[in-house]
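Reading through the structure tokens given below for one structure.
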Amino acid sequence: MALNWLHKFSDWNPQVFRELKGRLKRHHVLLTVLGSLITQLFVLLFFWSVLPVARSSNLNTYTDDLYVDHNAYCTGEGSYRSLKCLYDSLGNPLVNWQRWWFDVFQAISWVLPFVLLIAGVYLLIGDLGKEERRGTLNFIRLSPQTSQKILLGKLLGVPAVPYLAVLLALPLHGLAAIAAGMPISDVLSFYLLTTAVCAFCYTAALLYALMGGVQGWTGAVVVWMSYTLFYQLWHSWSDSSLRLQWFYFLINGSRTTALTFALLTLGTGTYGLWQAVNRRFRNPDLTLLSKRQSYGMTLCFEVWLIGFVFRDLQTYEHPFYDLIGLGFFNLLWYMVLFAALTPQRQMLIDWARYRRERVTSAKQFWSRSIVKDLLWSEKSPALVAITLNLLITAIVVTPWVLSWSRPNSSPREGLVTIILGSTFTLICAAIAQLMMFMKSPKRAVWAAGTVAAVGILPPVMFAILGVSYSKVPLTWLFPFGAFATFQQGVSMTTAFTAFLGHLGILSLLSLRLTRQLKRAGESEMKALLAASRG
């Protein structure tokens, strides 16, 4: 019977069976069981040690009046963590066991996701890195299984040891919840949220490993810091005194709405990461996202992001500051798009040769059909696709900017900020594409470093040299993120001059990229013709 069950399980997903067979060995299981049980015992002993102690029976009445003990788990009056202890006739303290079990539940609730996230991310990155070094990852790609089944097998099988450790702790976690009087809905919400966070982080770990990341500790440290921040934010948002709104809808009005919003956000992010992981696993030479996928993801991200700027009028005094915040998060988003959409050098050469084969002269290189190619082809340069993504962003944000009615925030300043931010983003995209066309094996590092330097170094240099907004406003309108200068009274003439400067720089970079593509296409065609004649 058990053998038949194992056969069915292996037929459903052989990759899961392979991973479980390799990881759930006897000594691994034994160490995991011991570690989980010892950790649970340590948690119980720690909370047992902070309980109030019994009073000595030989104390007289006068001493009893002076000897007043305070403890977080006493039942008398006082503050939350310093309550007066009450004792029975035998001197034993009256303990608030419900609060004690609630703190045990809270402690285990912090430890369980921590173990799953840190250990799971570390193991996933290390496993794929090992498979890549041994060459077995390419062998797995050639198997008849679909890429989704293989990746799902990795997600379910590689972190098998952390899964086992957490499963062994669930009985104590459930007992603590029952003893603390926790509603079953809150416990289920915790499990759902933990599952969603793990799915998001595990998928991101797979993508990081497939992109060449082999240091599992790096991913573990990032997840640890992110988890700590996320945990604090979750508890802060659950506080009714904080009003977190999205399109005027109060997210933290109840646990149900907060959980629903978190699950939808994490689910959408996991879906996007999953698409990138699938593409990267099937063909490591492809871009992380197709251009078509990027348009949909940008639309979802912008709608999600702009929802946070719609708040009650009492807290909505300066919308221009919200626009600066949107600009910062969009900067991060477009950095991701640069990496996800910019093709490698060989892909650009293949595309240039393909274009060269379809035209009869160099003058027709940029024909009408190329617009469709630049918008949808995965091997074409990403500049036009980034432009369309920026247009999607502008379409989402512009109606909100036009609705400004505050005297300290002008819609005109907001629109100019969007335009200058978009043109500067295109400049960064063109620089990244030119860097990726280099012959250097470190071209990705060069691209990231150059884009970061263009965006960060100019404001830093201006600040060091003492070039203020009021003295030379034009210089501050070139680096991205410095558009708060409009609040210093920058004229529209200066802004228009900066816009022309952006267009001039973008034109030079585009011309340079076009010439490199033409030259690469011609050289590739000559090499192919020479090889065919030989």
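The values are calculated or read from the model by the stated rules, or taken from the named source; none is laboratory data. Every value quoted in this text rests on a predicted model; they were computed, and no experiment measured them. Neighbour counts are summed over all protein chains in view; Cβ atoms, including those assigned to glycine, are modelled from backbone coordinates with ideal geometry.
From the list SER241, SER226, which residue is assigned to a helix (DSSP H, G or I), over 17 Å from ASP127 (Cα atoms), modelled with pLDDT under 85 and in the same structural domain as TYR163 (by TED's automatic domain parsing)? First the steps, then the outcome.
On the way: SER241 fails: assigned to a helix (DSSP H, G or I).
Residue meeting the stated conditions: SER226.
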Original post:
For region 246-276, how many residues are loosely packed, with under 13 Cβ neighbours inside 10 Å and among the β-branched types (Val, Ile, Thr)?
Top reply: 1
Original post:
How many of the residues making up region 197-231 are out of contact with any Phe, Trp or Tyr (no Cβ under 9 Å at 6 or more places or on another chain), in contact (Cβ under 8 Å) with a residue 40 or more places away in the chain and of a type in the set (Phe, Trp, Tyr)?
Top reply: 3
Subject >> Candidate set: region 277-336, residues that are assigned to a loop (DSSP other than H, G, I, E, B) and aliphatic (A, V, I, L, M); chosen: the one surrounded by the fewest Cβ atoms within 10 Å (Cβ to Cβ) >> reply: LEU286
Original post:
So PHE480 clears everything in (1) at pLDDT 60 or above; (2) under 30 Å from LEU348 (Cβ atoms); (3) crowded, with 17+ Cβ neighbours inside 10 Å except one condition, right? Which one?
Top reply: (1)
Original post:
What do you reckon, is ASP127 acidic (Asp, Glu), surrounded by 14 or more Cβ atoms within 10 Å (Cβ to Cβ), in contact (Cβ under 8 Å) with a residue 12 or more places away in the chain and more than 22 Å from ASN13 (Cβ to Cβ)?
Top reply: no
**OP:** Give the residues of region 39-67 that are among the hydrophobic types (A, V, I, L, M, F, W, C), modelled with pLDDT under 70 and either in a loop (DSSP other than H, G, I, E, B) or surrounded by 11 or more Cβ atoms within 10 Å (Cβ to Cβ) (or both), sorted by residue number.
**Re:** LEU59
Original post:
Do we find that ILE108 is touching a helix residue (DSSP H, G or I) at 6+ places or on another chain (Cβ under 6 Å), assigned by TED's automatic domain parsing to the domain that holds PHE230, more than 25 Å from VAL50 (Cβ to Cβ) and in contact (Cβ under 8 Å) with a residue 24 or more places away in the chain in this structure?
Top reply: no
**OP:** Determine, yes or no, whether CYS85 is at pLDDT 80 or above, surrounded by 16 or more Cβ atoms within 10 Å (Cβ to Cβ) and in contact with an Asp or Glu (Cβ under 8 Å, 6 or more places away or on another chain).
**Re:** yes
**OP:** State whether the residues of region 492-510 include one that is modelled with pLDDT under 70 and crowded, with 18+ Cβ neighbours inside 10 Å.
**Re:** no
Original post:
Of (1) more than 24 Å from MET347 (Cβ to Cβ); (2) at pLDDT 90 or above, ALA385 satisfies all except one. Which?
Top reply: (1)
Original post:
Among the residues of region 136-150, is any assigned to a helix (DSSP H, G or I), closer than 28 Å to TYR73 by Cβ and without any contact (Cβ under 8 Å) to a residue 12 or more places away in the chain?
Top reply: no
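On the given criteria, is GLY212 within 22 Å of ASP127 (Cα to Cα) and at pLDDT below 90? First the steps, then the outcome.
Working: within 22 Å of ASP127 (Cα to Cα): yes; at pLDDT below 90: yes.
Criteria met by GLY212.
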